[in-house]
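*Asks:* Structure below; questions to follow.
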Amino acid sequence: MVFLKTAWHALKKRWHTLTDTRYFWPIFLMAGLAFCVAVDTFGFVDLYLQLILIYLGINIILTVSLNLINGYMGEFSVGHAGFMAVGAYVASLLTVHGLPAGVSVNFFFPLAILVGGVAAALVGFLVAIPSFKTRGDYLAIVTLAFCMIVKSVLENIDAVGGPRGLLGMEKLTTLPWVFFWTVLSLWVIRNLVYSNFGRGILSIREDEIASDLMSVNSRQVKIIAFVVSSFFAGIAGGLFAHALQFINPRMFDILKSTDVLIMVYLGGIASISGSIIGASIYTILLEILRPLGVWRMVLMPLMLVLLMIFRPHGIMGMREARLFTPLRDLATEKLWRQKKEGAPDATP
Amino acid sequence: MAYIFQQALNALQLGSIYALIALGYTMVYGILTMINFAHGDLFMIGAFFCFLLAVHLKLSFVPTLLLSMLGVAGLGVIIERLAYKPLRNAPRVSAIITALGVGLFLENFTLALSPYPKHIPPLLENTTWILGTLSISSLQIIIILLSLVLMLILDFIVQHTKAGMAMRAISWDKTIVALMGVPVNKIISLTFAIGTGLGGAAGMLYGLAYPVIDPYMGIIIGWKAFICAVVGGIGNIRGAMIGGFILGAVEILVAAFFPSTFRDFVAFTLLLILLIVRPYGILGKPHPQKV
């Protein structure tokens, strides 16, 4: 046992010396992008696997953006599928009906996704307004009602297909694009929460009144958090629509929000690495268990309940992989660990 | 006039079912400050119990009602013991996610066992009285009266018995109450049993009123009942009843005057406006936050 432990620590140290260099992230990202482009052009990975990777990226975007509100800001939003629906519908309408003459749809696609994200962000701005006064379970209801209103409105507009849904999108969501947006969302949200401004988001989670007293502009912080989160949810929606090539309002109901919630809390709140782990485990496990048929949907929630009972904070709850922690925070954390030496794992 | 009365009767029928489910949410919240998101699925289980008892055991109305209430109440207590009790001191969101997980488990387990929608046979002879242009079915009257009786019994238990006093005390302060010699765990189990039992009754009544049941029926109705509980002020038992009747009335009124697809849209928009005006529900009291 002791040998294993020393070996593990040595391995960990090796890994850290590797990741702490300045060149790690650029090389890693370039390699990732090169892999995605290669897969997309040469197609040496079969299409089923490619599709799973695309969904994995979309789920990571959704998870990390919901983690901004539910994990870092400490609210309980259950309407993430609503933002996703807005992004999906706006982007799809643009590529299906709004394509300007003489423009290739491949060039137009990123713009459409971006516009979808901006539309979702505008809606997120509206949802942020009730959050000034209401908190906790009441805000959960506001977001829930918002999700149901979006679904209901989409079902009643005949121009977007109503309950029949919308089709006619080309398969424009490719692996490189998903990789790009996933990295962008992780980068933006990670830098946001570690920035000076982002510390305000965390302070709202800990105590809103106290953070007001510390001159955090809580309204501004809430608006920014909701806008950023819903923007990326909209992006994920647009990518999802162009990967599946068909959307209908029922796809974005409360069950979809529940899926994202499960990924967030499985991976652990307030953690970028946790979001990646949670989304990966959930997506991949569901695919691995596919031979079980309906019973995999019985097994998944059961595993979630067991995980919550034995590890209530999720896999990475309130912790962060060293890979995603800025260097100045690493020093603080080291100091904090030395002080706590011998003390049991202090979970907040 | 008769039309208005007819719609009022429909609203009462739907509202009483919503109110019965909302009571389960609000009781559990009052005592544990936890949202039991599996409650809507327990409501569904109630309807399926009713189906099993009525079709396979050929029981009549009263034993079916009592047994399905008892079955769902037992299931509720088991869920509380196995899934929620270990999390009583964990962060609140873990308990909520566990509840979501339990709900998904119940849905998919039922789906795996019975993939097709089921039809509940009419357990009561349904006579329809016609008064002029107004038609009143005995089923409607029975649903409304039965839920009112159940609510009155619940109100009596909570306000006038020793166990009810203990429930109210626990919702006030769990730690101190335990020091006073109140068996907290037993009272929490009792609360779960009563709350989920009412949900089971609602499932059966819903199954009688709208006879096609499927494993996913609990989701939307459960969330709507949760909304009722919040509109009335979550944690407040009388508020949950009022909230149920309000949502029932709004849904029926919207369906009466607009295309019925607008129902959810109008109902939820009204809910949003209400929450912005009164963030703590109709009967709820704001909790002052202290630093």
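The values are calculated or read from the model by the stated rules, or taken from the named source; none is laboratory data. Computed from a predicted structure; not experimentally measured. Glycine gets a Cβ as well: all are built from the backbone with ideal geometry, and neighbour counts include every protein chain shown.
*Asks:* Which residue pairs have Cβ atoms closer than 6 Å, lie 6 or more positions apart in sequence or on different chains, and pair a first residue in the range B:106-117 that is touching a residue at least 24 places away in the same chain (Cβ under 8 Å) with a second residue that is assigned to a helix (DSSP H, G or I)?
*Replies:* B:Leu106/B:Asp41; B:Glu107/B:Asp41; B:Asn108/A:Met297; B:Asn108/A:Val298
*Asks:* Just to verify a result, which residue in the range A:304-323, among those that are free of Cβ contacts under 8 Å to residues at least 12 places away in the same chain and more than 7 Å from chain B (Cβ to nearest Cβ), is surrounded by the fewest Cβ atoms within 10 Å (Cβ to Cβ)?
*Replies:* The selected residue is A:Phe310.
Results for (1) more than 22 Å from B:Ala201 (Cα to Cα); (2) of a type in the set (Ser, Thr, Tyr); (3) in a helix (DSSP H, G or I); (4) without any contact (Cβ under 8 Å) to a residue 12 or more places away in the chain, shown as yes or no for each residue.
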{"site": "B:Phe48", "(1), (2), (3), (4)": "no, no, yes, no"}
{"site": "B:Leu59", "(1), (2), (3), (4)": "no, no, no, yes"}
{"site": "B:Ser68", "(1), (2), (3), (4)": "no, yes, yes, no"}
{"site": "B:Gly76", "(1), (2), (3), (4)": "no, no, yes, no"}
{"site": "B:Arg81", "(1), (2), (3), (4)": "no, no, yes, no"}
{"site": "B:Ala90", "(1), (2), (3), (4)": "yes, no, no, yes"}
{"site": "B:Ile97", "(1), (2), (3), (4)": "yes, no, yes, yes"}
{"site": "B:Val102", "(1), (2), (3), (4)": "no, no, yes, no"}
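*Asks:* Quickly run through the range A:126-171 and pick out the residues that are among the β-branched types (Val, Ile, Thr), free of Cβ contacts under 8 Å to residues at least 24 places away in the same chain and more than 30 Å from A:Ile209 (Cα to Cα).
*Replies:* Across the range A:126-171, the qualifying residues are A:Val153, A:Ile157.
*Asks:* Of the residues A:Leu175, A:Leu213, only one is at pLDDT 90 or above and either over 28 Å from B:Gly284 (Cβ atoms) or within 19 Å of the chain's Cα centre (by Cα) (or both); which?
*Replies:* After applying the criteria, what remains is A:Leu175.
*Asks:* Checking the conditions here, which among B:Ala83, B:Ala73 is away from chain A (no Cβ under 12 Å), surrounded by 18 or more Cβ atoms within 10 Å (Cβ to Cβ) and at negative phi?
*Replies:* B:Ala73
*Asks:* How about the range A:132-178: which of its residues are over 16 Å from A:Gly234 (Cβ atoms), within 14 Å of chain B (Cβ to nearest Cβ) and polar (S, T, N, Q)?
*Replies:* Residues satisfying the conditions are A:Thr134, A:Ser152, A:Asn156.
*Asks:* Which members of the range A:27-50 meet the condition of being surrounded by fewer than 10 Cβ atoms within 10 Å (Cβ to Cβ) and in a helix (DSSP H, G or I)?
*Replies:* Correct list: A:Phe42, A:Leu47, A:Tyr48.
*Asks:* Sticking with this structure for a sec: Out of everything in the range A:237-265 that is closer than 14 Å to A:Lys151 by Cβ and touching a strand residue (DSSP E or B) at 6+ places or on another chain (Cβ under 8 Å), what residue ends up being surrounded by the fewest Cβ atoms within 10 Å (Cβ to Cβ)?
*Replies:* A:Asn248
*Asks:* Taking the conditions exactly as written (among the hydrophobic types (A, V, I, L, M, F, W, C), more than 30 Å from B:Gly235 (Cβ to Cβ) and away from chain B (no Cβ under 14 Å)), does A:Phe107 satisfy them or not?
*Replies:* Judged against the criteria, A:Phe107 is a match.
*Asks:* Go through (1) buried (at least 19 other Cβ atoms within 10 Å of the Cβ); (2) more than 30 Å from A:Glu320 (Cα to Cα) for A:Arg190 and report which single condition fails.
*Replies:* So the condition that A:Arg190 fails would be (2).
*Asks:* Go through the residues of the range B:266-283 one by one and say whether even a single one is under 20 Å from the mean Cα position of the chain (by Cα) and among the charged types (D, E, K, R).
*Replies:* no
*Asks:* Give me the helices (runs of 4 or more DSSP H) completely within the range B:179-291, filtered to those with at least 2 residues that are within 13 Å of chain A (Cβ to nearest Cβ) and under 22 Å from B:Gly71 (Cβ atoms), ordered by residue number.
*Replies:* B:217-232
*Asks:* Something else about it: Hey, among B:Ala90, B:Ala99, B:Ala112, which residue is over 24 Å from B:Phe49 (Cβ atoms), surrounded by 15 or more Cβ atoms within 10 Å (Cβ to Cβ) and within 14 Å of chain A (Cβ to nearest Cβ)?
*Replies:* The match here is B:Ala90.
*Asks:* A further question on this structure: Looking at the structure I just gave you, is A:Gly71 crowded, with 23+ Cβ neighbours inside 10 Å, under 18 Å from A:Ala236 (Cα atoms) and in contact (Cβ under 8 Å) with a residue 60 or more places away in the chain?
*Replies:* Criteria not met by A:Gly71.
*Asks:* Just the residues that are of a type in the set (S, T, N, Q) and under 18 Å from A:Glu75 (Cα atoms), please, taken from the range A:222-275.
*Replies:* A:Ser229, A:Ser230, A:Ser257, A:Thr258, A:Ser271, A:Ser275
*Asks:* I'd like to know if the range A:247-270 contains one or more residues that are aliphatic (A, V, I, L, M), more than 19 Å from A:Leu184 (Cβ to Cβ) and away from chain B (no Cβ under 14 Å).
*Replies:* Yes: one or more hits.
*Asks:* Moving on. Take the range B:131-152 and flag every residue that is loosely packed, with under 14 Cβ neighbours inside 10 Å and closer than 21 Å to B:Ile194 by Cα.
*Replies:* Scanning the range B:131-152 gives B:Leu145, B:Val149, B:Leu152.
*Asks:* Working carefully through the options A:Ile204, A:Ile235, A:Ile272, find the one that is out of contact with any Gly (no Cβ under 7 Å at 6 or more places or on another chain) and either β-branched (Val, Ile, Thr) or in contact (Cβ under 8 Å) with a residue 60 or more places away in the chain (or both).
*Replies:* Going through A:Ile204, A:Ile235, A:Ile272 in turn, the sole match is A:Ile272.
*Asks:* Let me ask something else. Within the range A:95-111, can you find the residues that are touching a residue at least 40 places away in the same chain (Cβ under 8 Å) and surrounded by 13 or more Cβ atoms within 10 Å (Cβ to Cβ)?
*Replies:* Hits for the range A:95-111 are A:Thr95, A:Val96, A:Val105, A:Phe109, A:Pro110.
*Asks:* Which of the helices (runs of 4 or more DSSP H) found entirely inside the range A:259-348 contain at least 3 residues meeting this: at pLDDT below 75?
*Replies:* It comes to A:327-339.
*Asks:* Test each condition in (1) among the charged types (D, E, K, R); (2) more than 14 Å from chain B (Cβ to nearest Cβ); (3) under 23 Å from B:Thr261 (Cβ atoms) for A:Arg190 and report the one that comes out false.
*Replies:* So A:Arg190 meets the others, but not (3).
*Asks:* Could I ask something else about it? Test A:Val86 against the criterion of being surrounded by fewer than 24 Cβ atoms within 10 Å (Cβ to Cβ) and in contact with a Gly (Cβ under 7 Å, 6 or more places away or on another chain), and give yes or no.
*Replies:* No, not satisfied.
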